[in-house]
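Notes follow once the structure below has been shown.
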Amino acid sequence: MAMIDRDNEAGILKKIRGLVVDLDGVLHVGPEPVESLPAFLSFLGRRAMPVVYVTNNSTLTPKALGERLYGLGIEAGDSRMITSATATAQYLSSEFPNGGNVLVIGEEGLRQAVAAMGFHIGDDAPQAVAVGLDRQINYQKISKAASAIFAGASFVACNIDSGAPIVGGIAPGAGAMVAAIQAVVQEAPVVIGKPEPTMFFEAAKRMGLKPDECAAIGDRLDIDMVCAERAGMTGILVLSGMTGLNMLQDSPHQPDLVYADVGEMVFQWETIFRW
């Protein structure tokens with residue numbers, strides 16, 4: 001199933017010392033783990049391979065994300081998890097070190113992350129508008145966000161994912177909320193999450209590795225593989241989420257390796273190196 005040059009595959013895998021792993025579409029689809037997840041986790045244990053889980057999902061707090069991962073059989077402390085919400089809050093802190101008001105269009109993960117950086121969350125002359133996935137988005141929220149940006153607030157997006165895979169289909173992503181506001185203000189936001197490389201650089205730093213010693217595993221060409229390219233990491237695409245085999249042919253964003261899922265990746269990796 002792997003669509004790669006076998007002669008080149010061994011050389012690519014040999015240089016990888018750490019993994020930056022997406023979640024939705026890679027290790028689980030909606031609430032359900034992918035079938036090959038146990039094989040992948042076993043591989044990580046046998047190889048003592050460092051890993052950081054990086055997600056554009058801004059709705060979950062690190063605690064809630066850790067509990068979700070634990071429910072899938074994945075043990076990961078805060079140092080091994082980066083969300084677009086925590087990365088966005090860190091960006092806001094660097095831009096506005098004295099704190100202030102931030103209008104949040106998003107859910108608990110983003111609200112808690114912003115508040116933890118010392119900001120007050122509200123719509124009273126905010127310094128910034130932070131936008132993530134908001135499943136209670138409405139006309140009033142879009143109007144408040146647009147008005148604040150017109151008044152001079154910074155426009156910051158956790159990510160611009162158009163959608164997220166769910167069992168049997170696709171659900172709107174944060175990019176749908178960002179696009180609605182952008183259509184009003186006619187201004188592009190500062191984007192923090194993938195495909196911008198900020199979180200990938202932070203992941204490599206946490207593992208004590210250089211970006212070119214890491215591989216990013218994801219399910220999207222326009223998000224994960226572009227981010228890997230921008231960060232200087234090996235890009236490993238799995239076809240268990242948002243990307244189908246037919247989408248590879250015409251895409252300008254070509255991964256270094258392509259596998260059906262993380263199970264096939266592990267099988268090929270261990271077959272090549274006899275682990």
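The values are calculated or read from the model by the stated rules, or taken from the named source; none is laboratory data. Remember, it's a predicted structure, so these values are computed and weren't measured experimentally. Cβ coordinates were reconstructed from backbone atoms using ideal geometry, including for glycine residues, and neighbour counts include every protein chain displayed.
General remarks:
- Count - residues of the stretch 204-224 that are touching an Asp or Glu at 6+ places or on another chain (Cβ under 9 Å) and of a type in the set (A, V, I, L, M, F, W, C): 6
- Test: residue in the stretch 98-105 that is crowded, with 19+ Cβ neighbours inside 10 Å and farther than 30 Å from residue 138 by Cα: no
- Members of the stretch 16-41 found to be outside any loop (DSSP other than H, G, I, E, B), of a type in the set (A, V, I, L, M) and at pLDDT 95 or above, listed by number: 19, 20, 21, 37, 39, 41
- Subset of the stretch 139-155 (residues that are surrounded by 20 or more Cβ atoms within 10 Å (Cβ to Cβ) and closer than 13 Å to residue 122 by Cα): 141, 145, 148, 153
- Evaluation of residue 73 against (1) in a helix (DSSP H, G or I); (2) surrounded by fewer than 18 Cβ atoms within 10 Å (Cβ to Cβ) (one fails), failing number: (1)
- Listing of strands (runs of 3 or more DSSP E) fully contained in the stretch 123-234 that carry 2 or more residues being within 17 Å of residue 103 (Cα to Cα): 128-131, 154-157
- Qualifying residue in the stretch 110-127 (condition: among the basic types (Lys, Arg), buried (at least 17 other Cβ atoms within 10 Å of the Cβ) and not assigned by TED's automatic domain parsing to the domain that holds residue 231): yes
- Tally, over the stretch 40-68, of residues that are surrounded by fewer than 19 Cβ atoms within 10 Å (Cβ to Cβ) and touching a Phe, Trp or Tyr at 6+ places or on another chain (Cβ under 8 Å): 3
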